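Computed from the coordinates by the stated procedures, all read-outs in this text should not be read as laboratory data. The structure displayed is predicted, hence computed values, not measured ones. All Cβ positions, glycine included, derive from the backbone under ideal geometry; neighbour counts span all protein chains shown.
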């Protein structure tokens, strides 16, 4: 089955330009598509995954995929969906984030040969650009009146749109133009909120090169309450297992709202379409079974089958009231970081059980931290270093369901 047919069957296609021509284009040879990812954090999160999985489906259909890290565009900032200007990042931090993105993208896409996939950084061509030559070459092809009608700009005009961000559409469009010229890339894939920016690139290719170019977007997945995919009350659901453990990821999908379970199975699993229909049609009281399948398949896709199995086993033990210690994720801490004395609060942050001291402090004050079955009530409690240095370490419970085995080595 071809790319367009697969995407439609799984509900992963929101908009596409010139569909009949694109289908013919894909049927007459191996083609190249790209999706871009700005490294504004040190990890992708679940909300970023749809374009990644779109590229994955593209590659599975026998075409070449380009994952483009935005080392250049991250220095400008995409105003899409933002009420305020992004915080400016240093070049060093952007480069560090890119290295982490590359490792994560390699879990989903095959970069074993240039014929299958490429990992690129748009800083390669954006940073050397002279601004005056760029404006003379690219600027005449963009109408300011038309740009201001784009959703990515309209939502910012009331609160203020910086001239820096106003350039973003031109730079993203230039990416498509550059990839077309250098790599014969004819298709851009992205989230539906990127539609205006993507059309700009497609038109630039057509105007500058008289080339054939296409765009395809994926839906923005939101819950029935309107919450964006990949967001929780405590923050983003990260792909990095050190930021969001495989168990927490499993629980995130396990607790999805009933009405989007089928949609998520189409997106975040490789299960055949008919199997998903059988699993999610007239499920009634069996909805929990479908949720467990979704949680397992999504965790397997992101972290591999072994971690998914561990997370499923741990969740099962918790649900049945059994101990979760055997399958709790292990958090190792160097004794050099600990020193002769350390508080429980500081130790939990070192172990990355909490991202910040303030979150650890709040959990302790709410009575949500347990160490070896003892509830911690005082943020000044000192850790028993000898106990944490034992062969088995110490079992730590965060909240009602998250377990970790913390060990000093």
Inset, instruction - Would you mind calculating the relative contact order of the chain from Cα pairs under 8 angstrom and at least 6 residues apart, reporting the percent as a whole number? - result: 15 percent
Inset, instruction - Convert 37 °C to kelvin, take the viscosity as 0.692 mPa s, use the Kirkwood radius over C-alpha pairs of the chain as Rh, and evaluate the Stokes-Einstein diffusion coefficient in µm²/s, rounded to a whole number. - result: 141 µm²/s
Inset, instruction - For segment 3-218, report the convex hull volume of the alpha-carbon atoms normalised per residue, in Å³, without decimals. - result: 122 Å³
Inset, instruction - Taking the Cβ of each residue in 354, 171, 250 as the centre, tally the other Cβ atoms inside 10 Å and list the residues starting with the fewest. - result: 354, 171, 250
Legend entry - Förster radius 30 Å - calculated FRET efficiency between residue 103 and residue 184 (Cβ-Cβ, nearest 0.05): 0.65
Inset, instruction - Starting from the Cα of residue 23, step 7 Å along the direction of its Cβ; do the same at residue 281; then give the gap between the two resulting points in nm. - result: 2.4 nm
Inset, instruction - Starting from the Cα gyration tensor of segment 255-303, take the square roots of the eigenvalues, sort them a ≥ b ≥ c, and report rounded, prolate or oblate (rounded when a/c is under 1.5, otherwise prolate if a/b is larger than b/c, else oblate). - result: oblate
Legend entry - Helix-only [θ]222 nm of the chain, DSSP H runs n ≥ 4, -39500 (n - 2.57) each, per residue, nearest 500: -12500 deg cm²/dmol
Inset, instruction - Give the relative contact order (percent, whole number) for segment 3-218; include only Cα pairs under 8 Å separated by 6+ residues. - result: 28 percent
Inset, instruction - Compute the distribution of all C-alpha to C-alpha distances in segment 1-48, in bins of 10 Å from 0, and list the percent of pairs in each, rounded to whole numbers. - result: 18, 44, 26, 12
Inset, instruction - Between residue 362 and residue 334, with labels modelled 7 Å along Cα→Cβ, what's the label distance in nm to one decimal, could you check? - result: 3.0 nm
Legend entry - Reference-scaled alpha-carbon Rg (2.2 N^0.38 Å with N residues) for segment 330-408: 0.97
